[in-house]
Amino acid sequence: MISPIVHDTSPVLLVGGGKHRKSALTQLCGLLGAPGKGACAQLVAADSGADFLLRRGLVPDWVIGDLDSISAAALTKLSAARIHKVNEQESTDFEKCLSRIAAPLVLGAGFLGGRLDHTLAAFHTLAALAERRCILIGARDIVFLAPPEITLALAPGTRVSLFPLGPVQATARGLRWPVEALDFDPLQQIGTSNSALGPVTLSCAAARLLVILPRSALGPALAGFSGCAAGWPPQTAL
């Protein structure tokens, strides 16, 4: 079990080395305020994510990764006490970071929209570290692992895609096409391009179901997680 080094009671913003970080940061600051001043108390960089932040006048509270892509110039500008090198190549920098953050929610920018294998690895990490709640923000979409239960105040017509990473059952209120009779399985039954009729309440029996929403639904997703108490493993059986 990996012990966290970043602890916070507020959401933590995690920035990687991938695409669409600037627009994601702009949207998050609009919703939550600037890092360290708004609802996001700490700013964590995954390796070369530190270069991106420093170029924008933002100093990360922590840098975590194998440090194979961060620049030497960035390292000189950061406190050595806040740089945590992980000397292994079995996990991605995203996994190295997420496993070491203890917070009610992690908001990840710069992990979607680049190489497909990196994106798939990020989805694996969401499921492998189901106890770490995380929303990944891309150019058009946000992605998170469905918690045991969450309510999302979505506008009618909002796209709601449910993609299983393994066999799993779910129930939902507020979707155009019911999912209760479905046995989700990545090789048999998926649930892409469903549609919200209004607010959606989703209950999931195992930590295996990705929820994919348009990025315009980031606000409702943040609100949904703030009102979502139970984590994995769920405190009570569904």
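The values are calculated or read from the model by the stated rules, or taken from the named source; none is laboratory data. Please read all numbers here as calculations on a predicted model, not as lab measurements. Counting neighbours? That spans all protein chains shown, and the Cβs are built from the backbone with ideal geometry, glycine included.
Look through THR151, THR171 and report the one residue that is more than 19 Å from the chain's Cα centre (by Cα), under 23 Å from ALA223 (Cα atoms) and of a type in the set (Ser, Thr, Tyr).
THR171
Give segment 98-114 a look and list any residue that's at negative phi and in contact with a helix residue (DSSP H, G or I) (Cβ under 9 Å, 6 or more places away or on another chain), or say none.
Matches in segment 98-114: LEU98, SER99, PRO104, LEU105, VAL106, LEU107, GLY108, ALA109, PHE111, LEU112.
Please enumerate the residues belonging to segment 4-36 that are at positive phi and assigned to a strand (DSSP E or B).
Result: no residue meets the conditions.
If a residue has to be touching an Asp or Glu at 6+ places or on another chain (Cβ under 9 Å) and either outside any loop (DSSP other than H, G, I, E, B) or β-branched (Val, Ile, Thr) (or both) to count, how many in segment 160-181 make the cut?
6
Please verify whether SER91 is assigned by TED's automatic domain parsing to the domain that holds PRO11, hydroxyl-bearing (Ser, Thr, Tyr), in a loop (DSSP other than H, G, I, E, B) and within 26 Å of CYS29 (Cβ to Cβ), treating the condition exactly as stated. Even if it seems obvious, please write down each step before you answer.
Numbers: assigned by TED's automatic domain parsing to the domain that holds PRO11: yes; hydroxyl-bearing (Ser, Thr, Tyr): yes; in a loop (DSSP other than H, G, I, E, B): yes; within 26 Å of CYS29 (Cβ to Cβ): no.
Judged against the criteria, SER91 is not a match.
Taking segment 96-116 as the search range and keeping residues that are among the hydrophobic types (A, V, I, L, M, F, W, C) and not in a loop (DSSP other than H, G, I, E, B), which one is nearest to GLY219 (Cα to Cα)?
Residue satisfying both the conditions and the ranking: LEU107.
Of the residues that sit in segment 10-46 and are aliphatic (A, V, I, L, M) and over 17 Å from ASP61 (Cα atoms), which one is modelled with the lowest pLDDT?
LEU32
Give ALA109, ALA80, ALA155, ALA127 a once-over and let me know the one that is modelled with pLDDT under 95, among the hydrophobic types (A, V, I, L, M, F, W, C) and either closer than 26 Å to LEU175 by Cβ or crowded, with 21+ Cβ neighbours inside 10 Å (or both).
Testing whether each residue is modelled with pLDDT under 95, among the hydrophobic types (A, V, I, L, M, F, W, C) and either closer than 26 Å to LEU175 by Cβ or crowded, with 21+ Cβ neighbours inside 10 Å (or both) leaves just ALA109.
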